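Novice: Below you'll find the structure I mean.
The values are calculated or read from the model by the stated rules, or taken from the named source; none is laboratory data. Treat the numbers as computed from the prediction; the structure is a model and nothing was measured. Cβ atoms come from the backbone with ideal geometry, glycine included; neighbour counts cover every protein chain shown.
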Amino acid sequence: MKTVMTTILALFIFMGAYAQYTEYTIQEGRHECDQSRFKLTGSDMTILAYLPSTALYNPKIDAGWSKLWGFSSTLDNHTHSCRIAWRCLSEEERKFVVGAYIYVNKERYIKPMDTVFVDEQFYAKTWWEAGKYGVKINDRVLYFEQPKKPGWLTHQQYPYFGGKATAPHKMKFYIQPMK
């Protein structure tokens, strides 16, 4: 009986930890998530996230990086932006790579930072400070020179699938913004 009660308690704690996540959906054949909208934000963004099995796809479809979260300081995301990106490494192993996806003066920088598995929670943060973009994923931190301070137009970036390819099926993502 004690084992059953411990299991039930652990299940409630586990479910509570994931209950505060917001679900974001990208429909089959689309790039943008359903919840995407223009929202002014600061340049310091911290999240907890996990990628469920719906985010798995055949990596041969698109070897590019998909974007999960971050900010852009111009209307053109390919000018100045700092985002967390991901791509599927293996459907069979249920594994993803997550990393930094940065634009500075229209130059793109992509740096893999960590590997996560389906439903594995990870911590991610993007920010601008003292002439640099910063990206932290779990315990890894990278900096990118960015002398231009983000201005009043800084806005949030939502989940986006692909480079060239669109979502091969309906995909869901779970993100919990942190204060």
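Novice: Tell me which of these GLU145 doesn't satisfy, since it passes every other one: (1) modelled with pLDDT of 95 or more; (2) surrounded by fewer than 16 Cβ atoms within 10 Å (Cβ to Cβ).
Specialist: Looking at each condition in turn, GLU145 falls short on (1).
Novice: Also, I was wondering about something else. Among the residues of the range 62-82, write down those that are part of a loop (DSSP other than H, G, I, E, B) and closer than 17 Å to GLU32 by Cα.
Specialist: ASP62, GLY64, TRP65, LEU75, ASP76, ASN77, HIS78
Novice: Can you give me the number of residues within the range 66-100 that are under 24 Å from MET178 (Cα atoms) and not hydroxyl-bearing (Ser, Thr, Tyr)?
Specialist: Final tally of qualifying residues: 18.
Novice: Are any residues in the range 33-48 surrounded by fewer than 17 Cβ atoms within 10 Å (Cβ to Cβ) and either touching a Leu at 6+ places or on another chain (Cβ under 8 Å) or under 30 Å from PRO147 (Cα atoms) (or both), and if so, which ones?
Specialist: Across the range 33-48, the qualifying residues are SER36, ARG37, PHE38, LYS39, LEU40, THR41, GLY42, ASP44, THR46.
Novice: Quick one: in the range 30-59, of everything that is among the polar types (S, T, N, Q) and in a helix (DSSP H, G or I), which residue is farthest from PHE122 (Cα to Cα)?
Specialist: Only one residue tops the list, namely THR54.
Novice: Scan the range 20-28 and tell me whether some residue there is under 16 Å from HIS169 (Cα atoms) and either modelled with pLDDT under 90 or over 14 Å from the mean Cα position of the chain (by Cα) (or both).
Specialist: Yes, some residue in the range 20-28 is under 16 Å from HIS169 (Cα atoms) and either modelled with pLDDT under 90 or over 14 Å from the mean Cα position of the chain (by Cα) (or both).
Novice: Next question. Could you go through the range 83-91 and let me know if any residue there is part of a loop (DSSP other than H, G, I, E, B), surrounded by 21 or more Cβ atoms within 10 Å (Cβ to Cβ) and touching a residue at least 24 places away in the same chain (Cβ under 8 Å).
Specialist: no
Novice: Something else: Are any of the residues in the range 117-128 more than 19 Å from GLN35 (Cα to Cα), of a type outside the set (A, V, I, L, M, F, W, C) and modelled with pLDDT under 95?
Specialist: no
Novice: What are the residues in the range 148-173 that are part of a strand (DSSP E or B) and either surrounded by 20 or more Cβ atoms within 10 Å (Cβ to Cβ) or in contact with a Lys or Arg (Cβ under 9 Å, 6 or more places away or on another chain) (or both), if any?
Specialist: Scanning the range 148-173 gives HIS155, GLN156, GLN157, TYR160, MET171, PHE173.
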